[in-house]
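Report on the structure given below.
The values are calculated or read from the model by the stated rules, or taken from the named source; none is laboratory data. As the structure is a prediction and not an experimental result, all values here were calculated from the model. Using ideal geometry, Cβ is built from the backbone for each residue, glycine included, and neighbour counts are taken over all protein chains shown. All accessible areas refer to the heavy atoms of the entire protein, side chains included, with ligands and DNA or RNA removed. Shrake-Rupley method; radii C 1.70, N 1.55, O 1.52, S 1.80 Å.
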Amino acid sequence: MEKKLFSPYKIKELTLKNRIVMAPMCMYSCEKEDGFVTDFHMTHYVSRAVGQVGLVIIEATAVTPQGRISHQDLGIWSDEHVPGLTKLTEQIKQSGAAAGIQLAHAGRKAALRDEIIAPSAIAFDEKYKEPKAMTIEEIKKTVEAFRLAAERAKLAGFDVIEIHAAHGYLINQFLSPLTNKREDEYGGTAENRFRFLREVLEEVKTVWDGPLFVRVSAYDYHEEGLTVDDYVTIGASLKELGVDLIDVSSGAVVPARIHAYPGYQVKFAEKIKHEADVATGAVGLITTGIQAEEILQNDRADLIFIARELLRDPYWPRTAAKELGTSIESPKQYERGWIF
Ligand SMILES: Cc1cc2nc3c(=O)[nH]c(=O)nc-3n(C[C@H](O)[C@H](O)[C@H](O)COP(=O)(O)O)c2cc1C
(Lines give C-alpha, C1' and ligand atoms only; values in the text may rest on other atoms or scores of the structure.)
Protein backbone atom coordinates (compact mmCIF):
# COMPACT_ATOMS: atom_id res chain seq x y z
CA MET A 1 0.00 0.00 0.00
CA GLU A 2 1.23 3.47 -0.84
CA LYS A 3 2.48 5.30 2.18
CA LYS A 4 0.58 8.47 2.96
CA LEU A 5 3.85 10.37 3.48
CA PHE A 6 4.53 9.87 -0.21
CA SER A 7 1.03 10.61 -1.46
CA PRO A 8 0.33 13.89 -3.27
CA TYR A 9 -1.42 16.78 -1.57
CA LYS A 10 -3.45 19.38 -3.42
CA ILE A 11 -3.87 22.96 -2.25
CA LYS A 12 -5.83 25.14 -4.68
CA GLU A 13 -4.09 24.64 -8.06
CA LEU A 14 -0.86 23.36 -6.52
CA THR A 15 -0.15 19.65 -6.12
CA LEU A 16 2.73 18.73 -3.82
CA LYS A 17 4.31 15.42 -4.81
CA ASN A 18 4.46 14.27 -1.20
CA ARG A 19 3.64 15.45 2.33
CA ILE A 20 7.20 16.37 3.31
CA VAL A 21 7.84 20.06 3.91
CA MET A 22 11.18 21.60 4.70
CA ALA A 23 10.32 23.88 7.61
CA PRO A 24 11.61 27.45 7.45
CA MET A 25 15.03 27.80 9.06
CA CYS A 26 17.03 31.02 9.29
CA MET A 27 20.50 30.52 7.87
CA TYR A 28 21.88 33.94 8.90
CA SER A 29 23.96 33.89 5.75
CA CYS A 30 23.59 37.34 4.20
CA GLU A 31 27.09 38.35 5.21
CA LYS A 32 26.76 41.68 3.45
CA GLU A 33 23.70 42.52 5.55
CA ASP A 34 21.71 43.31 2.40
CA GLY A 35 19.14 40.48 2.54
CA PHE A 36 20.15 39.09 -0.87
CA VAL A 37 20.15 35.39 -1.77
CA THR A 38 23.72 34.05 -1.69
CA ASP A 39 25.37 31.00 -3.29
CA PHE A 40 24.98 29.26 0.05
CA HIS A 41 21.17 29.70 -0.02
CA MET A 42 21.08 28.25 -3.54
CA THR A 43 23.06 25.16 -2.59
CA HIS A 44 21.26 24.70 0.72
CA TYR A 45 17.66 24.87 -0.55
CA VAL A 46 18.21 23.20 -3.90
CA SER A 47 19.90 20.23 -2.17
CA ARG A 48 16.71 19.54 -0.23
CA ALA A 49 14.69 19.77 -3.45
CA VAL A 50 17.06 17.26 -5.06
CA GLY A 51 16.56 15.20 -1.89
CA GLN A 52 12.83 14.93 -2.84
CA VAL A 53 11.20 17.20 -0.28
CA GLY A 54 7.72 18.07 -1.63
CA LEU A 55 7.73 21.71 -0.52
CA VAL A 56 10.77 23.76 0.43
CA ILE A 57 9.81 26.77 2.55
CA ILE A 58 12.67 29.20 2.71
CA GLU A 59 13.59 30.84 5.98
CA ALA A 60 11.95 33.81 7.71
CA THR A 61 12.41 36.56 5.12
CA ALA A 62 12.12 40.09 6.38
CA VAL A 63 9.42 42.39 5.01
CA THR A 64 11.32 45.46 6.27
CA PRO A 65 14.98 45.92 7.27
CA GLN A 66 13.79 46.74 10.79
CA GLY A 67 11.89 43.45 10.85
CA ARG A 68 15.00 41.27 10.54
CA ILE A 69 15.83 38.87 13.35
CA SER A 70 19.51 39.55 12.62
CA HIS A 71 21.47 41.66 10.18
CA GLN A 72 22.22 38.48 8.20
CA ASP A 73 18.57 37.57 7.46
CA LEU A 74 17.18 37.18 3.97
CA GLY A 75 15.04 40.12 2.89
CA ILE A 76 12.19 40.94 0.55
CA TRP A 77 11.76 44.60 1.41
CA SER A 78 12.79 45.91 -2.03
CA ASP A 79 12.30 45.04 -5.70
CA GLU A 80 16.05 44.40 -5.90
CA HIS A 81 15.53 41.24 -3.86
CA VAL A 82 13.33 39.69 -6.54
CA PRO A 83 15.98 38.47 -9.07
CA GLY A 84 17.90 36.39 -6.49
CA LEU A 85 14.71 34.89 -5.12
CA THR A 86 13.54 34.14 -8.69
CA LYS A 87 16.73 32.20 -9.39
CA LEU A 88 16.14 30.26 -6.19
CA THR A 89 12.52 29.33 -6.98
CA GLU A 90 13.48 28.31 -10.53
CA GLN A 91 16.13 25.93 -9.24
CA ILE A 92 13.95 24.47 -6.50
CA LYS A 93 11.14 23.84 -8.98
CA GLN A 94 13.48 22.41 -11.60
CA SER A 95 14.25 19.69 -9.06
CA GLY A 96 10.57 18.85 -8.66
CA ALA A 97 9.76 20.55 -5.37
CA ALA A 98 7.37 23.40 -4.80
CA ALA A 99 8.83 26.62 -3.41
CA GLY A 100 7.46 28.50 -0.42
CA ILE A 101 8.60 31.58 1.45
CA GLN A 102 8.00 32.59 5.04
CA LEU A 103 7.28 36.31 5.31
CA ALA A 104 8.36 37.68 8.65
CA HIS A 105 8.82 40.66 10.93
CA ALA A 106 10.74 40.14 14.15
CA GLY A 107 9.24 42.99 16.18
CA ARG A 108 10.84 43.05 19.62
CA LYS A 109 12.94 39.97 18.85
CA ALA A 110 15.08 41.83 16.32
CA ALA A 111 18.72 41.78 17.39
CA LEU A 112 19.62 44.89 15.40
CA ARG A 113 21.75 47.97 15.94
CA ASP A 114 18.94 50.43 15.19
CA GLU A 115 15.58 51.10 16.78
CA ILE A 116 13.19 48.16 16.98
CA ILE A 117 9.38 48.20 17.19
CA ALA A 118 6.66 46.08 18.81
CA PRO A 119 3.01 46.37 19.91
CA SER A 120 4.17 47.45 23.39
CA ALA A 121 7.44 48.76 24.82
CA ILE A 122 8.43 45.57 26.67
CA ALA A 123 11.77 43.86 26.02
CA PHE A 124 11.85 40.06 25.52
CA ASP A 125 14.49 39.72 28.23
CA GLU A 126 17.54 41.60 29.50
CA LYS A 127 19.57 40.62 26.41
CA TYR A 128 17.15 42.29 24.01
CA LYS A 129 16.57 45.98 23.40
CA GLU A 130 13.43 47.66 24.63
CA PRO A 131 11.26 48.16 21.53
CA LYS A 132 9.34 51.30 20.72
CA ALA A 133 5.56 50.83 20.88
CA MET A 134 4.23 51.09 17.33
CA THR A 135 2.15 54.07 16.29
CA ILE A 136 -0.97 53.45 14.21
CA GLU A 137 0.96 54.78 11.22
CA GLU A 138 3.75 52.25 11.81
CA ILE A 139 1.16 49.48 12.07
CA LYS A 140 -0.40 50.47 8.74
CA LYS A 141 3.03 50.72 7.09
CA THR A 142 4.00 47.28 8.35
CA VAL A 143 0.75 45.76 7.08
CA GLU A 144 1.56 47.35 3.73
CA ALA A 145 5.09 45.92 3.86
CA PHE A 146 3.59 42.41 4.11
CA ARG A 147 1.47 43.14 1.03
CA LEU A 148 4.45 44.44 -0.96
CA ALA A 149 6.45 41.41 0.13
CA ALA A 150 3.67 39.08 -1.06
CA GLU A 151 3.60 40.89 -4.39
CA ARG A 152 7.36 40.37 -4.75
CA ALA A 153 7.07 36.73 -3.68
CA LYS A 154 4.57 36.22 -6.49
CA LEU A 155 6.89 37.91 -8.98
CA ALA A 156 9.73 35.67 -7.80
CA GLY A 157 7.65 32.58 -8.60
CA PHE A 158 6.88 31.19 -5.17
CA ASP A 159 4.07 28.61 -5.03
CA VAL A 160 3.26 29.09 -1.34
CA ILE A 161 3.36 32.03 1.06
CA GLU A 162 3.60 31.36 4.76
CA ILE A 163 2.99 34.25 7.16
CA HIS A 164 5.15 33.95 10.28
CA ALA A 165 2.80 34.49 13.21
CA ALA A 166 4.73 32.23 15.61
CA HIS A 167 7.77 32.11 17.90
CA GLY A 168 7.21 35.47 19.52
CA TYR A 169 7.86 37.56 16.43
CA LEU A 170 5.82 40.65 15.60
CA ILE A 171 2.46 39.08 14.68
CA ASN A 172 2.67 36.70 17.65
CA GLN A 173 3.43 39.73 19.85
CA PHE A 174 0.13 41.28 18.76
CA LEU A 175 -1.79 38.04 19.37
CA SER A 176 -0.56 37.31 22.89
CA PRO A 177 -1.82 39.25 25.92
CA LEU A 178 1.65 38.75 27.44
CA THR A 179 3.25 41.05 24.89
CA ASN A 180 0.34 43.20 23.74
CA LYS A 181 -0.67 45.75 26.36
CA ARG A 182 -2.14 48.23 23.89
CA GLU A 183 -5.26 50.14 24.79
CA ASP A 184 -6.33 51.00 21.24
CA GLU A 185 -8.13 48.87 18.66
CA TYR A 186 -5.07 46.58 18.34
CA GLY A 187 -5.05 45.45 21.97
CA GLY A 188 -7.26 44.37 24.85
CA THR A 189 -9.80 41.88 23.56
CA ALA A 190 -8.90 38.74 21.62
CA GLU A 191 -10.57 40.25 18.58
CA ASN A 192 -8.45 43.41 18.85
CA ARG A 193 -5.23 41.43 19.31
CA PHE A 194 -6.13 39.46 16.17
CA ARG A 195 -6.69 42.67 14.17
CA PHE A 196 -3.07 43.06 13.01
CA LEU A 197 -2.91 39.52 11.60
CA ARG A 198 -6.35 39.97 10.03
CA GLU A 199 -5.20 43.15 8.28
CA VAL A 200 -1.97 41.50 7.12
CA LEU A 201 -3.95 38.63 5.58
CA GLU A 202 -6.53 40.90 4.01
CA GLU A 203 -3.78 42.99 2.40
CA VAL A 204 -1.79 39.94 1.26
CA LYS A 205 -4.92 38.51 -0.32
CA THR A 206 -5.31 41.59 -2.53
CA VAL A 207 -2.16 40.49 -4.41
CA TRP A 208 -1.97 36.72 -3.70
CA ASP A 209 -4.57 34.07 -4.48
CA GLY A 210 -2.25 31.08 -4.22
CA PRO A 211 -1.77 28.68 -1.30
CA LEU A 212 -1.52 30.62 1.93
CA PHE A 213 -0.16 29.19 5.19
CA VAL A 214 0.16 30.77 8.61
CA ARG A 215 2.61 29.50 11.22
CA VAL A 216 1.38 29.89 14.80
CA SER A 217 2.70 29.17 18.26
CA ALA A 218 -0.27 27.29 19.67
CA TYR A 219 0.78 27.52 23.31
CA ASP A 220 2.57 30.34 25.19
CA TYR A 221 3.72 28.03 28.06
CA HIS A 222 2.66 30.72 30.55
CA GLU A 223 -0.37 30.75 32.84
CA GLU A 224 -1.54 34.13 31.58
CA GLY A 225 -0.77 33.38 27.96
CA LEU A 226 -2.64 31.79 25.08
CA THR A 227 -3.40 28.08 24.92
CA VAL A 228 -4.38 25.73 22.13
CA ASP A 229 -8.05 26.48 22.87
CA ASP A 230 -7.44 30.11 21.92
CA TYR A 231 -5.74 28.86 18.77
CA VAL A 232 -8.74 26.74 17.84
CA THR A 233 -10.71 30.01 17.71
CA ILE A 234 -7.88 31.77 15.86
CA GLY A 235 -7.63 28.79 13.49
CA ALA A 236 -11.31 29.05 12.62
CA SER A 237 -10.89 32.78 11.89
CA LEU A 238 -7.85 32.08 9.74
CA LYS A 239 -9.84 29.54 7.74
CA GLU A 240 -12.59 32.11 7.25
CA LEU A 241 -9.97 34.55 6.00
CA GLY A 242 -8.93 32.07 3.32
CA VAL A 243 -5.87 30.53 4.95
CA ASP A 244 -5.29 27.06 3.47
CA LEU A 245 -3.14 25.49 6.16
CA ILE A 246 -1.95 26.26 9.68
CA ASP A 247 1.61 25.25 10.45
CA VAL A 248 1.43 24.51 14.16
CA SER A 249 4.44 25.25 16.33
CA SER A 250 4.53 26.54 19.92
CA GLY A 251 6.26 28.83 22.36
CA ALA A 252 8.92 31.56 22.27
CA VAL A 253 6.65 34.55 22.85
CA VAL A 254 8.09 34.92 26.36
CA PRO A 255 11.08 33.13 27.88
CA ALA A 256 9.85 29.75 29.13
CA ARG A 257 11.19 26.27 29.65
CA ILE A 258 9.66 23.91 27.10
CA HIS A 259 9.61 20.18 27.67
CA ALA A 260 10.30 18.91 24.17
CA TYR A 261 9.96 15.23 23.25
CA PRO A 262 9.32 13.42 19.96
CA GLY A 263 6.23 14.91 18.35
CA TYR A 264 5.58 17.27 21.28
CA GLN A 265 3.57 19.73 19.17
CA VAL A 266 1.55 17.21 17.17
CA LYS A 267 -1.31 17.29 19.66
CA PHE A 268 -1.79 21.00 18.93
CA ALA A 269 -1.88 20.42 15.16
CA GLU A 270 -4.39 17.61 15.71
CA LYS A 271 -6.70 19.63 17.91
CA ILE A 272 -6.71 22.67 15.65
CA LYS A 273 -7.25 20.47 12.57
CA HIS A 274 -10.33 18.80 14.02
CA GLU A 275 -11.86 21.53 16.14
CA ALA A 276 -11.33 24.41 13.70
CA ASP A 277 -11.82 22.12 10.70
CA VAL A 278 -8.75 23.42 8.89
CA ALA A 279 -5.75 21.69 7.35
CA THR A 280 -2.65 21.68 9.54
CA GLY A 281 1.03 20.92 9.39
CA ALA A 282 2.78 19.15 12.25
CA VAL A 283 6.29 20.16 13.28
CA GLY A 284 8.73 19.58 16.10
CA LEU A 285 11.01 16.63 16.77
CA ILE A 286 9.60 14.54 13.96
CA THR A 287 12.62 12.62 12.76
CA THR A 288 11.51 9.25 11.42
CA GLY A 289 9.35 8.00 8.59
CA ILE A 290 7.31 5.89 10.99
CA GLN A 291 6.49 8.91 13.15
CA ALA A 292 5.47 10.92 10.08
CA GLU A 293 3.33 8.09 8.69
CA GLU A 294 1.60 7.60 12.06
CA ILE A 295 0.63 11.30 12.20
CA LEU A 296 -0.80 11.24 8.67
CA GLN A 297 -2.58 7.86 8.88
CA ASN A 298 -4.21 8.82 12.17
CA ASP A 299 -5.38 12.04 10.50
CA ARG A 300 -3.61 14.22 13.07
CA ALA A 301 -2.19 16.61 10.44
CA ASP A 302 -2.04 16.99 6.67
CA LEU A 303 1.60 17.84 6.09
CA ILE A 304 4.80 16.97 7.95
CA PHE A 305 7.29 19.79 8.51
CA ILE A 306 10.86 18.71 9.10
CA ALA A 307 13.54 21.14 10.28
CA ARG A 308 16.70 19.94 12.04
CA GLU A 309 16.58 16.40 10.65
CA LEU A 310 16.85 17.93 7.17
CA LEU A 311 19.99 19.78 8.27
CA ARG A 312 21.48 16.45 9.33
CA ASP A 313 20.17 14.52 6.32
CA PRO A 314 19.32 16.55 3.21
CA TYR A 315 18.04 13.33 1.62
CA TRP A 316 15.71 12.54 4.52
CA PRO A 317 12.76 11.66 2.21
CA ARG A 318 14.83 8.77 0.87
CA THR A 319 15.80 7.70 4.39
CA ALA A 320 12.13 7.79 5.42
CA ALA A 321 11.08 5.80 2.34
CA LYS A 322 13.63 3.11 3.11
CA GLU A 323 12.41 2.93 6.68
CA LEU A 324 8.81 2.59 5.48
CA GLY A 325 9.77 -0.10 2.99
CA THR A 326 8.94 1.91 -0.08
CA SER A 327 10.89 3.62 -2.81
CA ILE A 328 10.73 7.14 -4.17
CA GLU A 329 11.65 8.85 -7.40
CA SER A 330 15.19 9.95 -8.06
CA PRO A 331 16.25 12.97 -10.02
CA LYS A 332 16.73 11.54 -13.51
CA GLN A 333 20.45 12.29 -13.36
CA TYR A 334 20.73 9.84 -10.45
CA GLU A 335 18.81 6.93 -11.97
CA ARG A 336 22.04 5.10 -12.78
CA GLY A 337 22.55 4.90 -9.04
CA TRP A 338 19.88 2.14 -9.04
CA ILE A 339 21.37 0.04 -11.82
CA PHE A 340 23.95 -2.48 -10.74
C1 LIG B 1 18.61 26.76 12.55
C2 LIG B 1 17.13 26.95 12.74
C3 LIG B 1 16.50 28.08 12.23
C4 LIG B 1 15.13 28.26 12.37
N5 LIG B 1 14.52 29.33 11.76
C6 LIG B 1 13.17 29.40 11.71
C7 LIG B 1 12.52 30.34 10.90
O8 LIG B 1 13.14 31.09 10.12
N9 LIG B 1 11.17 30.39 10.95
C10 LIG B 1 10.43 29.54 11.73
O11 LIG B 1 9.22 29.63 11.75
N12 LIG B 1 11.04 28.60 12.48
C13 LIG B 1 12.37 28.49 12.46
N14 LIG B 1 12.97 27.46 13.14
C15 LIG B 1 12.14 26.44 13.79
C16 LIG B 1 11.92 25.24 12.86
O17 LIG B 1 11.22 25.61 11.68
C18 LIG B 1 11.14 24.12 13.59
O19 LIG B 1 9.86 24.58 13.91
C20 LIG B 1 11.84 23.62 14.84
O21 LIG B 1 13.24 23.46 14.62
C22 LIG B 1 11.27 22.30 15.33
O23 LIG B 1 11.31 21.32 14.32
P24 LIG B 1 12.48 20.18 14.27
O25 LIG B 1 12.39 19.43 15.57
O26 LIG B 1 12.12 19.35 13.06
O27 LIG B 1 13.79 20.87 14.14
C28 LIG B 1 14.36 27.30 13.07
C29 LIG B 1 15.01 26.17 13.62
C30 LIG B 1 16.36 25.99 13.44
C31 LIG B 1 17.01 24.74 14.00
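Surface composition of the range 1-107: carbon and sulfur make up 52 percent of the accessible area, probe 1.4 Å. Here the alpha carbons of the chain define both size measures, Rg and Dmax, at 19.2, 70 Å. For the range 222-340, the fraction of 1.4 Å probe accessible surface lying on carbon and sulfur atoms is 51 percent. Within a straight-line Cα-Cα reach of under 25 Å, Lys12 can be paired with the following lysines, leaving aside sequence neighbours fewer than 8 residues apart in one chain: Lys3, Lys4, Lys87, Lys93, Lys154, Lys205, Lys239, Lys271, Lys273. Can you show me the helix-derived [θ] at 222 nm for the chain, built from DSSP H runs with n ≥ 4 at -39,500 (n - 2.57) apiece and divided by the number of residues, rounded to the nearest 500. The helix contribution divided over the chain gives -10000 deg cm²/dmol.
What FRET efficiency, computed as 1/(1 + (r/R0)^6) with R0 = 51 Å and r the Cβ-Cβ distance, is obtained for Ser7 and Glu202, rounded to the nearest 0.05? Working from the Cβ atoms, E equals 0.95. Accessible surface calculations at 1.4 Å, restricted to protein heavy atoms, place the range 212-340 at 48 Å² per residue.
Which order do you get for Arg19, Arg257, Arg336 if you rank them by accessible area with a 1.4 Å probe, largest at the top? Please list the in-between numbers first.
On the way: Arg19 25, Arg257 225, Arg336 190 Å².
Solvent-accessible surface, decreasing: Arg257, Arg336, Arg19.
Per-peptide packing, taken as the mean over residues of other Cβ atoms within 10 Å, places 54-67, 259-272 in the sequence 54-67, 259-272 from highest down. The largest accessible area among Thr179, Thr15 belongs to the first residue in Thr15, Thr179, and the rest follow in falling order (1.4 Å probe, all chains).
With all protein chains present and a 1.4 Å probe, how do His274, His71 order by accessible area, largest first?
Numbers: His274 100, His71 25 Å².
Highest to lowest solvent-accessible surface, that is His274, His71.
Helix 228-240 and the longest principal axis of the C-alpha atoms of the chain enclose an angle of approximately 80°.
The range 280-328 and the range 89-131 have Cα centres separated by 26 Å.
Before anything else, pin down the relative contact order of the chain: Cα pairs under 8 Å, at least 6 apart, normalised by residue count, whole percent.
Values: 759 pairs, mean separation 54.7, N = 340.
For the chain, the relative contact order is 16 percent.
Of all aspartates and glutamates in the structure, the ones whose alpha carbon falls short of 19 Å from that of Lys129, not counting any fewer than 8 places away in one chain, are Asp73, Asp114, Glu115, Glu138.
Listed by chain and number, the aspartates and glutamates placed with their C-alpha closer than 17 angstrom to that of Lys267 are Asp220, Asp229, Asp230, Asp247, Glu275, Asp277, Glu293, Glu294, Asp299, Asp302; residues fewer than eight positions away on the same chain are left out. Ranked by the mean number of other Cβ atoms within 10 Å of their residues, highest first, the peptides 101-112, 310-321, 279-290 come out as 101-112, 279-290, 310-321.
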